[in-house]
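Below is one structure, written out as structure tokens; the observations come after it.
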Amino acid sequence: MADLQKIWQQAYDIVPAQLERVKEVKCAATAFNTNIDAVVKISGKRLSKLAKSVSLSFEDLQNKKTRLQTPRDVVRGIIKCFTLGIAEEWLCEDKKIYEWMRDNLRYDRLQMGGQAGIVANVLAVLGVQKVCAHTNSHPRLQAEQFLNMPNLLAVDEQGIPCCACALNRQNDEPLVHWIIEFDAGDVFEFGDGEYVCPKANRFIATYDTANIELKINDGFLQYLNRNGFDYLILSGYHNLTAGRGGLERIAATIPLINEWKRLCPKGIIHLELASTQDKAVRLAILRDLAPLVHSVGMNDREALDALEVLNPQMFAALIKKDLHAADLWQILLELKAKIHTPRMQLHFYGMYLTLQDKNFAITPEAEKRGMMLAATVAASKAGLGNIEKSENLLWAQGQEIGQRAVDNLQNLADFLHNPEFVVSGLTTYENMDLIAVPTILVDKPKTLVGMGDTISSVSLVGAR
Ligand code: GLC
């Protein structure tokens with residue numbers, strides 16, 4: 001193993017102690033989107049059969065619409081993500097499409113879905129003393145996706161908190177999103193052509209009557225106003241559209257965020273960006289919400305999407321490039337200059353970058369520890385398929401830091417002309433602190449959905 005890998009591996013030795021420290025956190029809340037994910041792994045062969053069954057043509061594949069109006073659109077979305085190795089989420093508003101997916105795609109398993117739900121499970125298993133998740137539909141099927149833990153709560157109709165896995169609002173409709181995963185290297189045949197999937201990823205087909213309207217549970221608001229929070233993780237804006245009143249829904253949450261800041265001046269509010277198709281909605285999230293919160297999290301694709309609406313010239317120059325760590329750093333710097341959120345974190349394959357104001361409430365050293373904890377927990381999730389039990393959280397502890405990950409950091413250190421940075425992961429830039437860590441890499445991840453949500457929330461709450 002090369003020296004740098006060894007140095008970083010030693011730095012990761014603090015991770016088990018860091019996990020212990022998460023137990024000091026008194027309360028966290030997560031909002032707004034909680035749903036049920038129906039996960040199915042699809043092979044190239046099955047995809048070819050599906051394409052035939054809906055009589056998909058070459059012309060259909062040229063269609064650029066990202067709405068699910070017919071079963072053909074569902075198959076077209078899967079093919080797009082499969083052949084490009086990318087992740088996208090498209091919406092359907094017609095229950096018939098949902099029924100078609102249920103009957104024709106079926107699923108391998110149900111699991112917790114939505115940023116708020118996924119993060120609530122992760123923070124509870126990590127040991128945060130009390131975690132409350134926002135749900136706007138909570139029938140038994142939704143309750144079953146919550147871990148059975150006494151520190152994991154949701155609110156009933158009266159705003160009274162109870163164990164999230166025991167709540168059963170019988171009249172609520174289950175909100176099921178289809179997560180269609182595929183493997184790198186698998187082959188899809190269509191006509192005379194063969195298409196190899198370049199990267200394991202997923203296509204999400206969402207039928208959801210509540211989350212896509214950002215319906216808010218009043219009981220949750222009452223709970224939050226009464227109990228406060230140390231950390232509040234927000235997400236769920238990404239499925240809004242301007243055509244369905246999305247901009248108004250965003251505007252309606254501005255006074256809520258201001259009120260939470262007034263009630264909990266020490267609490268940290270984090271916004272997870274998530275992949276947002278509607279550009280007007282994307283711009284409103286970045287322009288109106290991101291500057292209000294303390295922290296924003298995103299992956300490389302979401303960072304590029306943000307750049308597209310905030311600096312189209314820079315976006316046009318970068319979109320055709322194979323992005324390296326130094327490019328991503330420049331994107332992050334530009335987003336920070338445009339949005340002004342005190343703390344911004346960008347995660348991508350092999351590396352996490354945090355850029356924050358000098359006087360931010362969390363020190364750079366604590367950030368680095370949180371990021372290494374997050375990298376370990378994320379690798380455990382990728383390697384095992386889930387982190388539902390606390391004994392699984394550190395499964396990846398001690399595994400090698402990827403060579404590619406260290407190369408990323410070297411690339412950035414060279415760009416910054418700062419040889420010390422590649423060893424410490426800490427530096428200052430103008431009036432800001434930059435923190436970077438190379439991560440553990442898992443060759444054949446068992447699952448990818450929810451990975452970004454896990455990384456962002458663990459690195460924030462674990463930064464102590
Ligand atoms: C989106 C999807 C949800 C999925 C989540 C994973 O919120 O709507 O189904 O669980 O992303 O990050």
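The values are calculated or read from the model by the stated rules, or taken from the named source; none is laboratory data. Quick caveat: nothing in here was measured; it's all calculated off a predicted structure. Here Cβ is always computed from backbone atoms with ideal geometry, including for glycine, and neighbour counts include all displayed protein chains. Accessible surface is based on the protein model in full, side chains and every heavy atom, while ligands, DNA and RNA are left aside. Shrake-Rupley method; radii C 1.70, N 1.55, O 1.52, S 1.80 Å.
If you check Glu89 against the conditions, is it of a type in the set (D, E, K, R) and within 13 Å of the ligand (Cβ to nearest atom)?
Working: of a type in the set (D, E, K, R): yes; within 13 Å of the ligand (Cβ to nearest atom): yes.
Yes, satisfied.
Among the listed residues Lys65, Lys52, which satisfies the condition of being without any contact (Cβ under 8 Å) to a residue 60 or more places away in the chain and part of a helix (DSSP H, G or I)?
The match here is Lys52.
Would you mind finding the one in Asp300, Asp322, Asp278 that is in contact with a His (Cβ under 9 Å, 6 or more places away or on another chain), of a type outside the set (A, V, I, L, M, F, W, C) and open to solvent by 50 Å² or more (accessible area, probe 1.4 Å)?
Only one candidate qualifies: Asp300.
For region 151-182, give me the residue count where each residue is open to solvent by 10 Å² or more (accessible area, probe 1.4 Å), more than 16 Å from the ligand (Cβ to nearest atom) and either of a type outside the set (Gly, Ala, Ser) or touching a Gly at 6+ places or on another chain (Cβ under 7 Å) (or both).
16
What are the residues in region 388-410 that are open to solvent by less than 10 Å² (accessible area, probe 1.4 Å), touching a helix residue (DSSP H, G or I) at 6+ places or on another chain (Cβ under 6 Å) and more than 16 Å from Gly462 (Cα to Cα), if any?
Within region 388-410, Ala396, Ile401, Val406, Leu409 qualify.
Given the options Asp433, Asp453, name the one that is within 16 Å of the ligand (Cβ to nearest atom), in the same structural domain as Cys27 (by TED's automatic domain parsing) and open to solvent by 10 Å² or more (accessible area, probe 1.4 Å).
Just a single option satisfies the conditions, and that option is Asp453.
Could you list, ordered by first residue, the pairs with Cβ atoms under 7 Å in which the first is in region 285-296 and in the same structural domain as Leu240 (by TED's automatic domain parsing) and more than 22 Å from Gly245 (Cα to Cα) and the second is open to solvent by less than 30 Å² (accessible area, probe 1.4 Å) and of a type in the set (Ser, Thr, Tyr), at least 6 apart or interchain?
As it stands, the answer is Val293/Thr341; Ser295/Thr341; Val296/Thr341, since those pairs meet every condition given.
Inspect all residues belonging to region 10-20 and state whether any of them is over 29 Å from Phe146 (Cα atoms), buried (at least 22 other Cβ atoms within 10 Å of the Cβ) and outside the structural domain of Arg301 (by TED's automatic domain parsing).
Scanning region 10-20 turns up no residue that is over 29 Å from Phe146 (Cα atoms), buried (at least 22 other Cβ atoms within 10 Å of the Cβ) and outside the structural domain of Arg301 (by TED's automatic domain parsing).
List pairs: first residue in region 440-455 and under 19 Å from Met372 (Cα atoms) and acidic (Asp, Glu), second residue near the ligand (Cβ under 9 Å from one of its atoms) and part of a helix (DSSP H, G or I) anywhere in the structure, Cβ distance under 8 angstrom, at least six positions apart or on different chains.
Filtered contacts from region 440-455: Asp453/Gln115; Asp453/Ile118.
Could you say whether any residue in region 66-84 is open to solvent by 70 Å² or more (accessible area, probe 1.4 Å) and of a type in the set (Phe, Trp, Tyr)?
The answer is no, given that none of the residues of region 66-84 is open to solvent by 70 Å² or more (accessible area, probe 1.4 Å) and of a type in the set (Phe, Trp, Tyr).
For region 198-223, how many residues meet the condition of being assigned to a helix (DSSP H, G or I), buried (at least 19 other Cβ atoms within 10 Å of the Cβ) and within 15 Å of the ligand (Cβ to nearest atom)?
2
Just to be sure before I move on: is Glu400 among the charged types (D, E, K, R) and at pLDDT 95 or above in the structure I sent?
So Glu400 fails the test.
Can you name the number of the only condition in (1) surrounded by fewer than 17 Cβ atoms within 10 Å (Cβ to Cβ); (2) more than 20 Å from the chain's Cα centre (by Cα) that Gly267 fails?
Every condition holds for Gly267 apart from (1).
Is it true that Ile387 is β-branched (Val, Ile, Thr), within 22 Å of Gln18 (Cβ to Cβ) and more than 21 Å from the chain's Cα centre (by Cα)?
It is false that Ile387 is β-branched (Val, Ile, Thr), within 22 Å of Gln18 (Cβ to Cβ) and more than 21 Å from the chain's Cα centre (by Cα).
Could you go through region 48-64 and let me know if any residue there is open to solvent by less than 10 Å² (accessible area, probe 1.4 Å) and within 16 Å of the ligand (Cβ to nearest atom).
No, region 48-64 contains no residue that is open to solvent by less than 10 Å² (accessible area, probe 1.4 Å) and within 16 Å of the ligand (Cβ to nearest atom).
What residue, of Glu157, Glu144, Glu181, is assigned by TED's automatic domain parsing to the domain that holds Phe229 and out of contact with any helix residue (DSSP H, G or I) (no Cβ under 9 Å at 6 or more places or on another chain)?
Glu144
Tell me which residues, restricted to region 356-378, are crowded, with 24+ Cβ neighbours inside 10 Å and of a type in the set (A, V, I, L, M, F, W, C).
Met371, Met372, Leu373, Ala374, Ala375, Val377, Ala378
Could you tell me which residue of region 224-259 is surrounded by the most Cβ atoms within 10 Å (Cβ to Cβ), considering only residues that are of a type outside the set (A, V, I, L, M) and under 21 Å from Ala124 (Cβ atoms)?
Gly236
Take Tyr223 and tell me if it is farther than 21 Å from Gly113 by Cβ and of a type in the set (Ser, Thr, Tyr).
yes
Could you please find all residues in region 31-82 being of a type in the set (S, T, N, Q) and more than 30 Å from Leu147 (Cβ to Cβ)?
Passing the criteria: Ser43, Ser48, Ser53, Ser55, Ser57, Gln62, Asn63, Thr66, Gln69, Thr70.
Select, from Thr439, Thr428, the only residue that is β-branched (Val, Ile, Thr), away from the ligand (no atom under 16 Å from the Cβ), modelled with pLDDT of 95 or more and open to solvent by 50 Å² or more (accessible area, probe 1.4 Å).
It is Thr428.
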